[in-house]
Amino acid sequence: MGRISLNNPVLVAAGTFGFGEEYSTLIDLNKLGGIMTKTITLEPKKGNPPPRLAETPAGLLNAIGLENPGIDVFLKEKISFLSQFKTALIVNVAGESEEDYLSLAERLNEKERIDALEINISCPNVKEKGLVFGTDPGRTFSLVKKLREVTDIPLIIKLTPSVTDISQIAQAAQEAGAEALSLINTITGMSIDTETRRPKLGNITGGLSGPAIRPIAVAMVRDTFQKVGLPIIGMGGITCSEDALEFILAGASAVAVGTANFIDPTTTLKIIEGIKQYMKRKKLENFSDLVGWLEDGS
Ligand SMILES: Cc1cc2nc3c(=O)[nH]c(=O)nc-3n(C[C@H](O)[C@H](O)[C@H](O)COP(=O)(O)O)c2cc1C
């Protein structure tokens, strides 16, 4: 994917895989195309009040609120563990101001092992600041351009579906010098316990993920693929190789698995194998031929 090299096109999505420690006892992390870390911020964050998760039909609402140990602990304790695996290491960061993002990028410059930064401009679960950059093409452009000036690490911009036209934000990221895009982050939702008349989440609203959002994500990947030239990491409700192939045919060069990791931690490995089997069955040799190969009847 441009300057970002992946062993295979199947990654794990930010925030659903922590920093890999827990999952390393369940699957061989060397087999993943890449690990996108939980979002890191400059200061440690406690996150939102509980409850933070609520199940919905075919989906999951979460309002974690970017709980994380902060950049110092990440650099001191977490990165060395992740660095031992032969898989792309993509560090996801978020800030409340341009300065925050720039400081994070500068701190991460020290580490050669990092393959890319995933710039989270799309979190719906932090009060006010979460979507400030990701819903405004001008602010996306300004942030990415400044990041480009302070770091050579490839930049993947993570987009929110909570916009009228996602391709406009994608275009702004491309013009400012991003290497790739990842889409989609969760969609704002709410669930109410009718007995207590209380919201099911402590934060009242949360981000919806899982199969419920997959068709929305596939449509956004297709739209972005048609209008913007950057490689796309597609995500949103992927549970099996068929789901992953939908994203790839729509135009994703790679995919990331999020919520499905909670149900079956081996989902990614099954998807890697499933894509290989599909290519064999369809007598295809190059994965890249599949990207965007939609027979749309036009
Ligand atoms: C519990 C949970 C925590 C998440 N935390 C983050 C995060 O820290 N940073 C981020 O960019 N995305 C985060 N996400 C969004 C996912 O990376 C992904 O974009 C989204 O869930 C759609 O994929 P999925 O349906 O396969 O889960 C989180 C999602 C879930 C379910």
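The values are calculated or read from the model by the stated rules, or taken from the named source; none is laboratory data. Computed from a prediction, not measured in an experiment: that's the story for all the values here. In this analysis, Cβ positions are derived from the backbone assuming ideal geometry, glycine residues included, and neighbour counts consider all displayed protein chains.
Each residue in the range 237-255 was checked for being in contact with a helix residue (DSSP H, G or I) (Cβ under 6 Å, 6 or more places away or on another chain) and within 21 Å of Ala178 (Cα to Cα), and 6 pass. Filtered by the rule that a residue be within 19 Å of Ala88 (Cβ to Cβ) and in contact with a helix residue (DSSP H, G or I) (Cβ under 6 Å, 6 or more places away or on another chain), the range 156-182 gives Ile157, Ala178, Leu181.
Restricting the range 94-143 to residues that are surrounded by 17 or more Cβ atoms within 10 Å (Cβ to Cβ) and of a type in the set (Ser, Thr, Tyr), the residue that is nearest to the ligand (Cβ to nearest atom) is Ser122. Within the range 125-165, being aliphatic (A, V, I, L, M), in a loop (DSSP other than H, G, I, E, B) and either within 22 Å of Asp115 (Cα to Cα) or at pLDDT 95 or above (or both) holds for Ile153, Leu159.
Filtering the range 225-240 to residues that are surrounded by fewer than 21 Cβ atoms within 10 Å (Cβ to Cβ) and assigned to a helix (DSSP H, G or I) leaves Gln226, Lys227.
So which strands (runs of 3 or more DSSP E) stay within the range 171-224 end to end and still have 1 or more residues that are within 16 Å of the ligand (Cβ to nearest atom), within 28 Å of Leu155 (Cα to Cα) and touching a Gly at 6+ places or on another chain (Cβ under 6 Å)? Filter on the range 171-224 gives 205-209. Filtered by the rule that a residue be touching a residue at least 24 places away in the same chain (Cβ under 8 Å), over 19 Å from the mean Cα position of the chain (by Cα) and either in a strand (DSSP E or B) or near the ligand (Cβ under 9 Å from one of its atoms) (or both), the range 53-75 gives Ala54, Thr56.
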